Amino acid sequence: MAKNKKLWFGFNPKNWNTGDFGLFKLSLIAFTLFVVSAWPGFANWAIRTNWYWFLLIFIVAAVSPLVKGWKK
């Protein structure tokens, strides 16, 4: 394996600090709200979708990072 493996066309999040991760999360939330407000079809889909589907997606997506975070 390469020592300095870079992801996403040279993107390397290993150089980030806690504040950078927080800002990245905030930018994803802002982008999602932008898409909901700018694309009526997506807004209608998001409103019609039951809340538990979003909760299920959240849980499935969060399991791996949380497990890796608690591992040594």
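Filter region 31-53 for residues that are exposed (fewer than 10 other Cβ atoms within 10 Å of the Cβ) and in a helix (DSSP H, G or I) and give the result.
Matches in region 31-53: ALA38, PRO40, GLY41, ILE47, ARG48, TRP51, TYR52, TRP53.
Given (1) at pLDDT below 90; (2) exposed (fewer than 10 other Cβ atoms within 10 Å of the Cβ); (3) aromatic (Phe, Trp, Tyr), where does TRP16 come up short, assuming only one miss?
Unmet condition: (2).
Answer with yes or no whether LEU56 is modelled with pLDDT of 95 or more, of a type in the set (A, V, I, L, M) and surrounded by 10 or more Cβ atoms within 10 Å (Cβ to Cβ). Reasoning before the result, please.
Numbers: modelled with pLDDT of 95 or more: yes; of a type in the set (A, V, I, L, M): yes; surrounded by 10 or more Cβ atoms within 10 Å (Cβ to Cβ): yes.
Answer is yes for this residue.
The values are calculated or read from the model by the stated rules, or taken from the named source; none is laboratory data. These figures come from a predicted structure and were not determined experimentally. Methodologically, a virtual Cβ is constructed for each residue, glycine included, from the backbone with ideal geometry; neighbour enumeration extends over all protein chains shown.
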